[in-house]
Amino acid sequence: MYDVYAESSVVLKVGDFGADSFGQKDSGPAIQKALEKAKELSKEGKQVVLSFDKEGLYKITKESALEREVHTSNTDSVDFPVKKIGVLVEGIKNLTIEGNNSHIVFEGDMMYLGIFQSENIKVNNLSWDVKVASTTEMSIFNVNEAGNEVDFFVPKTFTHKVENRGITWLSEKDSKGNYYWQKRNAHPNYAISTKYAQDLMARIHYSNQDPFTNLNSIEELENGLLRFKYFGKPALKPELAMTYQFTENNKRPTAGSMVWESKNVKFENVKISYLHGFGFLVQMSEDVFFDKLRLEPDMETGKSATSYADGIHVSGAKGKIKISNSYFTNTHDDPINIHGTFTRVEKRINDNTLKLLYVHKQQGGFRQFYPGDKVIFYSRDTLSSQMIQMNGMSLVR
């Protein structure tokens with residue numbers, strides 16, 4: 001089942017566990033089976049290489065994804081504590097995932113990759129995308145002289161139905177023929193995004209400036225074109241090649257991928273074409289490195305958006321975070337965001353125990369402090385500070 005290159009090094013080939021490198025069947029269970037074997041070998045002190053076929057194509061669906069109750073910073077995780085995770089590295093040491101320039105296509109809205117409570121993990125030479133992105137897009141192809149008719153081009157990847165003077169956007173289907181999600185028109189949102197031909201990043205507009213405002217009817221034309229006919233004119237002045245990007249940005253159920261409570265994790269030569277829910281989150285981890293990372297869409301899909309929000313988002317890390325030789329395009333928030341999290345002292349329970357509050361509504365549920373951490377207390381009135389060593393103190397969250 002695997003080749004031994006050295007006494008302490010083992011190579012596991014995902015194909016030997018049933019993964020399909022032609023992308024016809026769901027390889028999620030097979031890859032997880034290989035990772036379980038890697039975990040067993042890790043406990044024996046082995047160094048493990050998990051190897052994909054050279055330039056293979058793999059499919060992983062939400063239907064077969066693992067579930068974990070885990071909270072993610074800067075998301076609506078308190079409302080959505082259970083996450084679906086396509087590929088989960090959990091409790092493993094000394095593992096290299098060698099992609100061999102393979103590509104994974106995920107189906108469904110989920111966390112694509114999770115590296116949880118692991119150490120000395122490398123991910124090399126791998127790319128991934130989602131079959132139907134949860135950010136849907138359409139671009140202006142033509143505007144009539146009167147300005148009350150606009151032809152939009154919708155790439156084939158965005159499956160949809162024109163009905164009831166609007167559009168229902170459709171996800172992939174599971175094995176029973178059910179959609180993972182369906183969204184209407186511009187999706188539930190607090191703002192919409194547009195990308196102009198000359199821009200690398202999207203621009204934000206008010207919700208009532210979406211192309212469905214003042215809409216009279218939609219006519220389906222050939223070759224992916226839809227003709228929008230308006231009562232008057234569109235709410236936002238149309239420009240040729242301008243792309244609307246619709247995201248349910250008032251709800252972040254998960255991070256698109258996450259490194260959590262892990263140490264010494266490195267990504268090299270990895271391309272990510274889409275991140276659902278938020279972005280790539282590094283949370284409460286130590287020494288994480290990204291080299292030659294590319295967050296960009298595959299041009300042949302017709303997509304332009306790469307993330308619901310941030311690109312790489314680092315929350316509460318320590319040690320070294322290094323991002324080098326990397327490229328980011330068209331995220332819906334910061335390409336890189338690094339921060340800690342303040343909690344408010346609500347109550348002194350005793351000499352060793354405090355009750356703290358996550359104040360921001362998109363924070364909470366995850367461990368904030370660890371034994372041995374140094375904690376600084378600030379006075380909110382004066383911003384003066386005092387540091388303590390966290391040994392023997394209990395912090396009730």
| request: Scan the range 292-309 for residues that are crowded, with 24+ Cβ neighbours inside 10 Å, without any contact (Cβ under 8 Å) to a residue 60 or more places away in the chain and in a loop (DSSP other than H, G, I, E, B) and jot them down. | output: T306
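Taking into account only those residues within the range 1-42 that are modelled with pLDDT of 95 or more and farther than 28 Å from S175 by Cα, which is surrounded by the fewest Cβ atoms within 10 Å (Cβ to Cβ)?
Start the filter on the range 1-42 by keeping residues that are modelled with pLDDT of 95 or more, which leaves 10-42.
After this cut, where a residue has to be farther than 28 Å from S175 by Cα as well, the list is 10-12, 38-42.
Working: V10: 21, V11: 17, L12: 21, A38: 24, K39: 17, E40: 12, L41: 20, S42: 21.
The qualifying residue surrounded by the fewest Cβ atoms within 10 Å (Cβ to Cβ) is E40.
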| If a residue has to be buried (at least 18 other Cβ atoms within 10 Å of the Cβ) and more than 27 Å from Q245 (Cα to Cα) to count, how many in the range 282-291 make the cut? | 5
| Is it the case that T213 is out of contact with any Gly (no Cβ under 9 Å at 6 or more places or on another chain), among the β-branched types (V, I, T), surrounded by 15 or more Cβ atoms within 10 Å (Cβ to Cβ) and modelled with pLDDT under 95? | no
| said: Could you go through the range 191-201 and let me know if any residue there is polar (S, T, N, Q), touching a residue at least 12 places away in the same chain (Cβ under 8 Å) and assigned to a strand (DSSP E or B). | reply: yes
| strands (runs of 3 or more DSSP E) wholly inside the range 331-384 that include at least 3 residues being at pLDDT 85 or above and over 33 Å from the mean Cα position of the chain (by Cα) | 343-350
| query | Would you pick out the residues in the range 341-369 that are surrounded by 15 or more Cβ atoms within 10 Å (Cβ to Cβ), of a type outside the set (K, R) and over 26 Å from T254 (Cβ atoms)? | reply | L354
| Between residues in the range 227-248 that are in the same structural domain as P211 (by the TED database) and β-branched (V, I, T) and residues that are crowded, with 19+ Cβ neighbours inside 10 Å and not in a loop (DSSP other than H, G, I, E, B), which pairs lie under 6 Å by C-beta distance while being six or more apart or on different chains? | T243/E137; T243/S139; T243/K195
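If you scan the range 24-46, which residues turn out to be touching a residue at least 24 places away in the same chain (Cβ under 8 Å) and assigned to a helix (DSSP H, G or I)?
G28, P29, I31, Q32, L35, K37, A38, K39, L41, S42
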| query | Which of (1) outside the structural domain of I85 (by the TED database); (2) touching a Leu at 6+ places or on another chain (Cβ under 9 Å); (3) farther than 19 Å from T306 by Cβ does L170 not meet, given it meets every other one? | reply | (2)
| request: Those residues that are under 30 Å from F280 (Cα atoms), among the small types (G, A, S) and out of contact with any His (no Cβ under 7 Å at 6 or more places or on another chain), I need them from the range 124-151; list them, please. | output: A133, S139
| query | Just to be sure, is E137 closer than 30 Å to P211 by Cα and more than 14 Å from the chain's Cα centre (by Cα)? | reply | yes
| field | Residue satisfying all of: in the range 216-249; closer than 30 Å to E69 by Cβ and not in a strand (DSSP E or B); modelled with the lowest pLDDT among these | value | N249
| task | Return a yes/no flag: does the range 250-263 have any residue that is more than 27 Å from the chain's Cα centre (by Cα), touching a residue at least 12 places away in the same chain (Cβ under 8 Å) and not in a strand (DSSP E or B). | result | no
| remark: Scanning the range 175-190 for residues that are touching a strand residue (DSSP E or B) at 6+ places or on another chain (Cβ under 7 Å), part of a loop (DSSP other than H, G, I, E, B) and surrounded by fewer than 16 Cβ atoms within 10 Å (Cβ to Cβ) gives none
| query | From the set of residues in the range 310-330 that are at positive phi and not in a strand (DSSP E or B), which is surrounded by the most Cβ atoms within 10 Å (Cβ to Cβ)? | reply | N330
| field | Flag if V150 is crowded, with 19+ Cβ neighbours inside 10 Å, more than 20 Å from the chain's Cα centre (by Cα) and in contact (Cβ under 8 Å) with a residue 24 or more places away in the chain | value | yes
| request: Working only within the range 53-72, note down all residues that are surrounded by 18 or more Cβ atoms within 10 Å (Cβ to Cβ) and either out of contact with any Pro (no Cβ under 8 Å at 6 or more places or on another chain) or not assigned by the TED database to the domain that holds F280 (or both). | output: D53, G56, Y58, K59, I60, T61, K62, E63, A65, L66, T72
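The values are calculated or read from the model by the stated rules, or taken from the named source; none is laboratory data. Keep in mind that what you see is a predicted model, and the values were worked out from it rather than measured. Ideal geometry is used to build each Cβ from the backbone, glycine not excepted, and the neighbour counts take in all protein chains shown.
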